[in-house]
């Protein structure tokens, strides 16, 4: 009986880790998609590095994404800048909805990063978006 309970616990733990890893992967795709959209927006609109960009400026680029991650990117557009974990994605120190200079980098939200640390093991997973 105890063996069955312990085995069930470990199976559930494995499923939780897989779910968290899937969320982390989708957040990573979202960050890359936003970064790509931000660069395309700046180029198409001849924006300077100091010009402000908001999430609403990027939605058309997200909705037209044709990458392998397009389903994730389209979902991000519908969530108005909230990542898969439900936290606002950041540009510089601001939430994407508020906006920030085009030159500011896109970042994973610290709450999302903390929540997913058990599967991402810190900053290495997030690369340039940490």
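Annotations
- Order of 74, 107 - criterion: other Cβ atoms within 10 Å of each residue's Cβ, fewest first: 74, 107
- Centre separation in Å (Cα based) which lies between region 90-108 and region 33-56: 11 Å
- Once the Cα-Cα distance is subtracted from the 0.36 nm per residue extended length, the residue 17 to residue 123 segment shows a gain of 36.4 nm.
- Listed peptides 87-100, 21-34, 42-55, 111-124 by packing density, highest first (mean Cβ within 10 Å): 21-34, 87-100, 111-124, 42-55
- Overall form of region 27-116: oblate. Here a/c, set by the Cα gyration tensor axes a ≥ b ≥ c, is 1.5 or more, and a/b is not larger than b/c.
None of the figures in this text is laboratory data; all of them are computed from the coordinates on show. Being a predicted model, the structure only gives us computed values, none of them experimental. Using ideal geometry, Cβ is built from the backbone for each residue, glycine included, and neighbour counts are taken over all protein chains shown.
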